[in-house]
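The values are calculated or read from the model by the stated rules, or taken from the named source; none is laboratory data. This one's a predicted model, so the numbers in the text were calculated from it and none came from an experiment. Virtual Cβ from ideal backbone geometry, glycine too; neighbours counted across all protein chains shown.
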Amino acid sequence: MATKTFQYIQSGVVPIPTENIDTDQIIPARFLKATTREGFGNNLFRDWRYDSDNKPITGFVLNDNTFSGKILVGGKNFGCGSSREHAAWAISDYGFDVVVSSFFADIFKGNALNNGLLPVQVSEAFLQKIFAAVFNDPSTELEVNLEKQTITLLSTGESEEFEINPYKKACLINGYDDIDYILSNIDKIEEYEKR
Amino acid sequence: MNLEETKNMGKTLFDKIWDAHVVSTKEGFPDILYIDTHFIHEVTSPQAFNGLRQRGIPVFRPKQTVATADHNVPTLHQDQPIKEELSRLQVEMLTKNCAEFGIELYGLGHPYQGIVHVIGPELGITRPGCTYVCGDSHTSTHGAFGAIAFGIGTSQVEQVMATQCLLQQRPKRMKIEVNGQLQKGVGAKDIILYIISQISAAGGTGYFVEYAGDTIRSLSMEGRMTICNMSIEMGARGGLIAPDQITFDYVEGREFAPKGDAWDKALAYWKTLFSDDDAVFDKVYSFRAEDIAPMITYGTNPGMGIGVDEKIPDAGQFSDQEQLSYKKALQYMGLQDDTPIEGHPIDYVFIGSCTNSRIEDLRQVAEFIKGKKKADDVTVWVVPGSKQVEQQAIKEGLDKVFEAAGFGLREPGCSACLGMNEDKIPAGKYCISTSNRNFEGRQGPNSRTFLASPLMAAAAAVTGKVTDIRELI
Ligand code: SF4
């Protein structure tokens, strides 16, 4: 079954320089009661975004019109904690296509890739450059090219290459998923079971 | 290194099990890994079942899939319909899905119901040498039996339902050794909190960990499960411990454990499951048991832990970038850097979760609090990991001990570990918790969590503040 495809993006940036952003922050457990994949964007970063009376908390970046775009940039060790795929759904549902950090937790990275959300891991130095550029000029844009595996800070032209598993890259570009691939190997699975 | 040399090199336990489960491997692709048992629960499965429906395919091996309701269930009055509507719908959906796809469900009211990582081992479903996955990151618990077990996302839950396999990149291998004699009052939970505090909440990312050393070997299965459970809190994919006589004795005779000839055959295989002496790990850490004090966390990730007699670290020792996150964490917790944590008042005590809700944990707590009473303004919840644990506790009279001390013994579920049901810690309140995560809002919006061992939690319940258990035993 086809998932979202991804090839290239040029967009503004939403920066959250906090380290160790865990999936409980991205989407708190009490919002995991839905039985479909849609609608989680409304509760993305819920407790950072709204106070206990459901009023927007001023100062949090998602409540601040200064920053907008389809690229979320977070501090080191992004997506640690719970394996809830709802975290990737929430980020994607909110409208992000790319998450950039200097380090991603394993399960989050896998979940993102399975949902057409591209995790781009950059060096800590490049990450800090992005934060500095965006806070200095919120209209700063990044360019992410999946084919070439590059991310570029357009204001300065500085660029870095990022890694991605070649199989996963092909899946993203062509919009096919793991299940299609494993299902095409079902005879091998049945053979294995007879061993 | 040529192929011959690689062949003759020793193998890690992890690689032995992984290799035995590879269905197919292809250059540039992740391995197709066979999964022996798939555990599912109400929260991360509904979208996966929907996916199967959309594809028009069945669950490939329903007999190798085991379901329970745990994350979202109330821990009082489980015999009555669930009051909260969305929770009820999710649990009903699981029941309906399991019936439609032919999956055994240990739902509410079933004598085997409980937290998925507690029931697998106690039913003898979890065994050495096998592979387990579940849409829950603490699936690593099952590694205590010398198995490969790890958490997956919902797309992968669908993948395993559809094919009984998972596309997986082989992780790197890490060995963590702990040797020596533990201090009195220090146990498995302190060991793992100590390890995470040393290597950080991201120190294990990309690795699968094998825990070794004589301290680890001396632990009961319950203790080993506590250790493996928290592997994910250092970012590791999972953790495992080579099986030995303690493992075999635990598994033998359990409901779904192999019997008769099948047992003998299984046992002979299990005895081959250890890392060869010359096996190579990508990273090795070594710790001394004597260095480990009763641990407690002060921050908002499990790596932010200290010995209970230590001070909260001085912010000045971190880089500017790190200070930002560090100060945010302390502010959330309402704590000051460079001050002691011992003596800090607490409001709630939560003894439960897949980390510490097994019968041994409850026995340990009961033995300590016998003849004592909880402090007046402290609320104490004891939530057993499963129906079987609850029944065993009642049989041993532990419920009476809890009652006399002012502790409430509730019914099984994840409860305040993630605050999905009604068991939430109110905003601003402090909870000393035997669970595994102290993230912001984990136990309820704006709740504040101190992670610790069951004994440390019980000690705090009695004194009403963070207390060094060594002073009370
Ligand atoms: S007890 Fe907590 S950590 Fe364990 S399975 Fe339940 S929610 Fe996850």
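Kindly indicate whether any position in the range B:458-465 is more than 13 Å from chain A (Cβ to nearest Cβ), within 16 Å of the ligand (Cβ to nearest atom), surrounded by 24 or more Cβ atoms within 10 Å (Cβ to Cβ) and within 26 Å of B:GLN113 (Cβ to Cβ). No, the conditions are met nowhere in the range B:458-465. Which of the residues that make up the range B:274-304 are assigned to a strand (DSSP E or B) and under 30 Å from B:THR12 (Cα atoms)? Across the range B:274-304, the qualifying residues are B:LYS283, B:VAL284, B:TYR285, B:SER286, B:PHE287, B:ARG288. The helices (runs of 4 or more DSSP H) located wholly in the range A:151-195 that include 3 or more residues which are over 22 Å from B:CYS130 (Cα atoms) occupy A:166-174, A:178-183.
Pairs meeting the criteria (first residue in the range B:40-60 and without any contact (Cβ under 8 Å) to a residue 60 or more places away in the chain and within 11 Å of another protein chain (Cβ to nearest Cβ), second residue assigned to a loop (DSSP other than H, G, I, E, B) and among the polar types (S, T, N, Q), beta carbons under 8 Å, at least 6 apart or on different chains) are B:GLU42/B:ASN72; B:PRO46/A:THR35; B:PRO46/A:THR36; B:ASN50/A:THR35; B:ASN50/A:THR36. Within the range B:86-103, being away from every other protein chain (no Cβ under 13 Å) and closer than 15 Å to B:GLY51 by Cα holds for B:CYS98, B:GLU100, B:PHE101. When B:GLN90 is tested against (1) over 26 Å from B:VAL380 (Cα atoms); (2) within 16 Å of the ligand (Cβ to nearest atom); (3) assigned to a loop (DSSP other than H, G, I, E, B), just one condition goes unmet, and that condition is (3).
For A:THR66, the test of being of a type in the set (Ser, Thr, Tyr) and within 25 Å of B:GLY135 (Cα to Cα) is failed.
Looking only at residues of the range A:1-46 that are more than 21 Å from A:SER68 (Cα to Cα) and assigned to a helix (DSSP H, G or I), we find that the one that is nearest to the chain's Cα centre (by Cα) is A:THR23. Which residue is nearest to the chain's Cα centre (by Cα), if the candidates are limited to the range A:110-126 and must be assigned to a helix (DSSP H, G or I) and buried (at least 24 other Cβ atoms within 10 Å of the Cβ)? My answer is A:ALA112. Looking across the range A:144-156, just one residue is over 13 Å from A:LEU118 (Cα atoms) and in contact (Cβ under 8 Å) with a residue 60 or more places away in the chain, and that is A:LEU154.
Do we find a residue being crowded, with 24+ Cβ neighbours inside 10 Å and in a loop (DSSP other than H, G, I, E, B) anywhere in the range B:132-144? For the range B:132-144, residues crowded, with 24+ Cβ neighbours inside 10 Å and in a loop (DSSP other than H, G, I, E, B): present.
Count of the range B:328-361 residues, restricted to those that are closer than 30 Å to B:LEU123 by Cβ and free of Cβ contacts under 8 Å to residues at least 60 places away in the same chain, is 0. Among the residues of the range B:127-149, those identified as within 13 Å of the ligand (Cβ to nearest atom) and either within 10 Å of the chain's Cα centre (by Cα) or within 12 Å of chain A (Cβ to nearest Cβ) (or both) are B:CYS134, B:GLY135, B:ASP136, B:SER137, B:HIS138, B:THR139, B:SER140, B:THR141, B:HIS142. Among the residues of this structure, B:GLY187 does not count as one that is touching a Gly at 6+ places or on another chain (Cβ under 8 Å) and within 14 Å of chain A (Cβ to nearest Cβ).
Checked against (1) within 27 Å of B:GLY235 (Cα to Cα); (2) within 14 Å of chain A (Cβ to nearest Cβ); (3) touching a strand residue (DSSP E or B) at 6+ places or on another chain (Cβ under 9 Å), B:PRO426 passes all but a single condition, namely (1). What do you reckon, is B:SER319 buried (at least 21 other Cβ atoms within 10 Å of the Cβ), polar (S, T, N, Q) and either within 14 Å of chain A (Cβ to nearest Cβ) or within 16 Å of the ligand (Cβ to nearest atom) (or both)? In short, no.
The sole residue among B:ILE425, B:ILE473 that is β-branched (Val, Ile, Thr) and at pLDDT below 95 is B:ILE473.
Which condition does B:MET161 not pass, out of (1) within 14 Å of chain A (Cβ to nearest Cβ); (2) more than 30 Å from A:ILE186 (Cβ to Cβ); (3) not charged (D, E, K, R), if it passes all the others? B:MET161 satisfies every listed condition except (2).
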